[in-house]
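The values are calculated or read from the model by the stated rules, or taken from the named source; none is laboratory data. Not measured: the values here are computed from a predicted model. Neighbour counts are summed over all protein chains in view; Cβ atoms, including those assigned to glycine, are modelled from backbone coordinates with ideal geometry. Remember, those area values only see protein heavy atoms, side chains included, never the ligands or the DNA or RNA. Shrake-Rupley method; radii C 1.70, N 1.55, O 1.52, S 1.80 Å.
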Amino acid sequence: MLISLSIQCTGIYQKISEISTLCASEILFSIFSPTSNPYSFCHPSVQSAAKRFFNPNQPFNETIYALLRLSL
């Protein structure tokens, strides 16, 4: 079961990374294994995503816009 979760997390991380890049979004994703081991993915950081979660009116992190400007 743990091997399956590890493989699934890798796929989930890839999809979340694609979504954060394509949508220029701040993402915080956490999942716990059956043995209570945490797995998480954060973009651009845990602090930034948590601040946005608790204060939805906070402006987006400037680093996200900088990444968009570079890719255009």
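Annotations
- Residues of the range 22-45 classified as surrounded by 12 or more Cβ atoms within 10 Å (Cβ to Cβ), within 22 Å of Pro56 (Cβ to Cβ) and of a type outside the set (Gly, Ala, Ser), total: 8
- Subset of the range 2-12 that is open to solvent by 60 Å² or more (accessible area, probe 1.4 Å) and not polar (S, T, N, Q) - its residue that is nearest to the chain's Cα centre (by Cα): Ile7
- Tally, over the range 34-43, of residues that are of a type in the set (S, T, N, Q) and either part of a strand (DSSP E or B) or touching a Cys at 6+ places or on another chain (Cβ under 9 Å) (or both): 1
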